[in-house]
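J.: Provided herewith is a single structure, encoded as structure tokens, for subsequent inquiry.
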Amino acid sequence: MKQVSFMSEKNNFAHFIIRDFKSDDYEQINLLWKETGLGGSQRDDNLQVINSTLANGGKLIILEHSAQNLIIGTAWLTTDTRRIYLHHFCVKPTYQNKGISHLLCNESIKFAKEKKMQIKLEVHKDNLIATELYKKHGFTYLGDYDVYIIRDLSIIDKVEL
Ligand SMILES: CC(C)(COP(=O)(O)OP(=O)(O)OC[C@H]1O[C@@H](n2cnc3c(N)ncnc32)[C@H](O)[C@@H]1OP(=O)(O)O)[C@@H](O)C(=O)NCCC(=O)NCCS
């Protein structure tokens, strides 16, 4: 756990804690992810999935307002042991626009450095705030790739050749 005293041009002095996820946090972060548009059952994210990514070498960073015992941000880092993937990166809406996301981004990059792995993310092309933030932290655009996924494997039949 790390105490962070934070002050920026946009923010008065505030105290935050950056720490690792605990199972007890799940309900609160699930609400936070819904609130910030990162939730949804189609993603198949649940406590079991989180714990298995952690067992696999990932990290779920929790940013907490220490005075209020309130989780106000997350950054979920998973790894396939080749790269780190950054997702579920968010700040609670009432705490946005104060520069707080830099704390989460710094901590995420620190983790990738510790692991000595490249770090990759997906961001919607219309998400200007997140894109600017990531660029500011050194992420560069990878190119004109589209992203594909099979959400429900059960509806996929083998392609006849
Ligand atoms: C993305 C998110 C975490 C950023 O947090 P935030 O509190 O809104 O942003 P911050 O105040 O910390 O600003 C961080 C940086 O974002 C960029 N930014 C912020 N507001 C911006 C705006 N209106 N226009 C362009 N860039 C902007 C700037 O680079 C800023 O850094 P600076 O203030 O040092 O210049 C937050 O908006 C969020 O949770 N959004 C919903 C979830 C989401 O979209 N997550 C990303 C998924 S890939």
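Bear in mind that the values in this text are calculations on the coordinates, not laboratory data. Every value quoted in this text rests on a predicted model; they were computed, and no experiment measured them. Note: ideal-geometry Cβ built from the backbone for every residue, glycine included; neighbour counts use all protein chains shown.
J.: Would a scan of the stretch 53-71 turn up a residue that is loosely packed, with under 11 Cβ neighbours inside 10 Å, in a helix (DSSP H, G or I) and more than 16 Å from the ligand (Cβ to nearest atom)?
T.: Checking the stretch 53-71: at least one residue is loosely packed, with under 11 Cβ neighbours inside 10 Å, in a helix (DSSP H, G or I) and more than 16 Å from the ligand (Cβ to nearest atom).
J.: Scan the stretch 91-101 for residues that are within 7 Å of the ligand (Cβ to nearest atom), of a type outside the set (D, E, K, R) and either over 12 Å from the mean Cα position of the chain (by Cα) or not in a helix (DSSP H, G or I) (or both) and jot them down.
T.: VAL91, TYR95, GLN96, ASN97, GLY99, ILE100
Per-residue answers, yes or no, for (1) in a loop (DSSP other than H, G, I, E, B); (2) touching a helix residue (DSSP H, G or I) at 6+ places or on another chain (Cβ under 6 Å); (3) of a type in the set (D, E, K, R); (4) over 26 Å from LYS115 (Cα atoms):
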site	(1), (2), (3), (4)
HIS15	no, no, no, yes
GLY39	yes, yes, no, yes
GLN48	no, no, no, no
ILE84	no, yes, no, no
PHE89	no, no, no, no
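J.: Taking the conditions exactly as written (more than 7 Å from the ligand (Cβ to nearest atom), charged (D, E, K, R) and either more than 17 Å from GLY37 (Cβ to Cβ) or assigned to a loop (DSSP other than H, G, I, E, B) (or both)), does LYS113 satisfy them or not?
T.: yes
J.: What number of residues within the stretch 116-161 are within 21 Å of THR36 (Cβ to Cβ) and either over 21 Å from the mean Cα position of the chain (by Cα) or β-branched (Val, Ile, Thr) (or both)?
T.: Residues flagged as within 21 Å of THR36 (Cβ to Cβ) and either over 21 Å from the mean Cα position of the chain (by Cα) or β-branched (Val, Ile, Thr) (or both) within the stretch 116-161 amount to 6.
J.: Quick one: PRO93 ticks every box in (1) over 23 Å from THR140 (Cβ atoms); (2) in contact with a Phe, Trp or Tyr (Cβ under 6 Å, 6 or more places away or on another chain) except a single one, so which number is it?
T.: For PRO93, the failing item is (2).
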